[in-house]
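What follows is one structure encoded as structure tokens, with my remarks underneath.
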Amino acid sequence: MDSLRFVRDLGRDVPRPTATELAAARASLTAEAERERPRSAPARVAGGAPAPRGGRVMPARRVGTIALAAAAAVAIVAAAFGGATLLSGLSEEDRVTAPTPTESVEPTPTGSAAPTEPPATGEPDWDVDDPTTWTLTPDGAGPLRLGASLTETASLLAEQGMGVPEDSYPGCSTSSLDRDGNWIVTAEDGAIVAIRLTDDSTSLEPSSLPRTREGISVDSSPGEVAAAYGEPEQDRFGGDRWVVPGGGTWLTLMASSDGGTGMVLMHSGDDAHLPPCFD
């Protein structure tokens, strides 16, 4: 049928039909269905069977099929070109309204989430009563931190034996803590600029010494330090030293005259030279 072919072609890459063309298509479909209807009711023969009159009689079922096809074709065109425009020319009983499309929503994945770091608790990773947890770093050791207030630090460690800060030079002050090594803490204008740990202590116990992440402390041999940090450089007195830089801070390990490490020094500054208050 030409009208059905017209409807079929509308789904291809052709221009959007005008209202006039759509009305003509509907009229053509209706006329074609009418042509299939018998013009008048056929006479009946004995037994009630319809008598042919110059041609075949279209069964009512086929007429219904054509009507349904016409309605379906109109509905297809309506769906393809936004049904409201096409159906505006149809009568109320002939309209076929397509369902309103709904926006699909992608389901939220329920798989296992990527592992995340546990939230920071703000708790220190050292125990003030356990010097073995005071890791020696360029920034300090345990509660002894470069840049911190010396007065507040001495107050925090008062029960551990740290003394009240004393002035040494103008603007400089020091405090000491004799616990698992001899600690001497130096401040400039109240802020800690150097932390020194030596093996000169009455309570030196190797098993309880604070150490670097590589396991080095004041009881380590030069060979052990070299294995951890490479070959030493010479200090201004001709002794061996190993310098580990931080962010504007330094960790310096110094060999002693008796073959040990002797001293671990943490200090701030633009270079590895000791701050003025420490000299």
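The values are calculated or read from the model by the stated rules, or taken from the named source; none is laboratory data. Since the structure is predicted, the reported quantities are computational estimates derived from the model, not experimental observations. No Cβ is skipped: glycine too gets one built from the backbone with ideal geometry, and neighbour counts run over all protein chains shown.
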Would it be correct to say that ASP235 is within 14 Å of MET254 (Cα to Cα), modelled with pLDDT under 85 and in the same structural domain as GLY142 (by TED's automatic domain parsing)? yes
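Of the residues ALA255, ALA191, only one is of a type in the set (Gly, Ala, Ser) and either surrounded by fewer than 19 Cβ atoms within 10 Å (Cβ to Cβ) or touching a residue at least 40 places away in the same chain (Cβ under 8 Å) (or both); which? Full working, then the answer.
Numbers: ALA255 fails: either surrounded by fewer than 19 Cβ atoms within 10 Å (Cβ to Cβ) or touching a residue at least 40 places away in the same chain (Cβ under 8 Å) (or both).
Answer to the check: ALA191.
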Matching option when the condition is surrounded by 10 or more Cβ atoms within 10 Å (Cβ to Cβ), at pLDDT 90 or above and out of contact with any Pro (no Cβ under 8 Å at 6 or more places or on another chain), among THR151, THR137, THR97: THR137
Could you grab me the full set of residues in region 228-260 that are in contact with a helix residue (DSSP H, G or I) (Cβ under 6 Å, 6 or more places away or on another chain) and assigned to a loop (DSSP other than H, G, I, E, B)? ALA255
